[in-house]
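Here's the structure, in C-alpha cells; my notes come after.
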Amino acid sequence: MTRPMTGSEPDPWRVPVMVVQIPDTGLHRALEASAAERQAMADVAGLRDILSAQADFEVVPKSGGRIQVTGHVRARVGQTCVVTLDPIESEIDEEVDLTFAPEAETRRLEDLIEEGQDGEEPPEVADAPEAIVNGIIDLGRIATDALFLAIDPYPRKPGAVFEAEVTAPDPEDHPFAALKALQDNKQGKKKGK
C-alpha cells in the first residue's frame, strides 16, 4: 500500500530550494531522480521498482511570503497485478499545485480551523498552505508525495478479470440439514417399532 511520507522515513529524493534565493520572477526546475533515489522511493512505497521519475516545477513568490509551486510529476512504476500476480508497469502523470507559507502563518491558520471545529461544521476553506520549514521548500519531497498519491493501490494487467469460483449449492448443505437428518432418523425409529 502506498502513502505519502509522514516525516518518520528519510526523504529518498531531496531537491531543496532556499526561499531567499528564489528570484521575484520565479524559477523553473526540471528534476530527474537517480537510480539510487528511485530504488529508495520504491522501497518506501512497497513497489517492485520505479523505472523513471521526473518532475517539472515552476516556483513563484506570492504576496505575504508565500510561494506557489506548480507543475507535473511523471513516472513509470513496476507493480504486481492483483489478479494474475504478473509484473506490470504503470504510467504516472500527476499535476501539482501547492502553496507554501511561512511556518507562523500556517500555524495561525491551523489554530483558526481548530477554533471553528468546536461542535460546529468548519467553514469550507481552500487547502491550507504547506509550511516553509527552515526557509526551504523540498521539490524532491513534493514530487515523491505526488507520485506516491497517484499510484494505483490495486493495479491490474489489461484484460485481467477476477472471477470468483462459483459452485452450485448442495441441496443437503443448509443450516437446518442436521436437524432434518435428526428428524428423519427419529421418524425412522418410530416406524421401525
Original post:
Among the residues of region 50-70, is there at least one that is among the β-branched types (Val, Ile, Thr), surrounded by fewer than 17 Cβ atoms within 10 Å (Cβ to Cβ) and out of contact with any helix residue (DSSP H, G or I) (no Cβ under 7 Å at 6 or more places or on another chain)?
Top reply: yes
Original post:
Out of all the residues in region 168-176, is one or more surrounded by 10 or more Cβ atoms within 10 Å (Cβ to Cβ) and at pLDDT below 70?
Top reply: yes
Original post:
Does region 115-134 include one or more residues that are under 15 Å from ALA75 (Cα atoms) and either surrounded by fewer than 16 Cβ atoms within 10 Å (Cβ to Cβ) or modelled with pLDDT under 70 (or both)?
Top reply: no
Subject >> When residues of region 71-114 are limited to those that are among the acidic types (Asp, Glu), surrounded by 12 or more Cβ atoms within 10 Å (Cβ to Cβ) and over 25 Å from ALA40 (Cβ atoms), the one modelled with the highest pLDDT >> reply: GLU103
**OP:** Quick one: in region 71-103, of everything that is hydrophobic (A, V, I, L, M, F, W, C) and touching a helix residue (DSSP H, G or I) at 6+ places or on another chain (Cβ under 6 Å), which residue is farthest from GLN21 (Cα to Cα)?
**Re:** ILE92
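Residue check: is VAL161 farther than 30 Å from TRP13 by Cβ and modelled with pLDDT under 65?
Spelling it out, it is not the case that VAL161 is farther than 30 Å from TRP13 by Cβ and modelled with pLDDT under 65.
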Original post:
Within region 14-28, which residues are surrounded by fewer than 16 Cβ atoms within 10 Å (Cβ to Cβ) and not in a loop (DSSP other than H, G, I, E, B)?
Top reply: PRO16, MET18, VAL20, GLN21, LEU27, HIS28
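The values are calculated or read from the model by the stated rules, or taken from the named source; none is laboratory data. Since this is a predicted model, take the numbers as computed values, not measurements. FYI the Cβ positions are ideal-geometry reconstructions off the backbone, even for glycines, and counts take in every protein chain you see.
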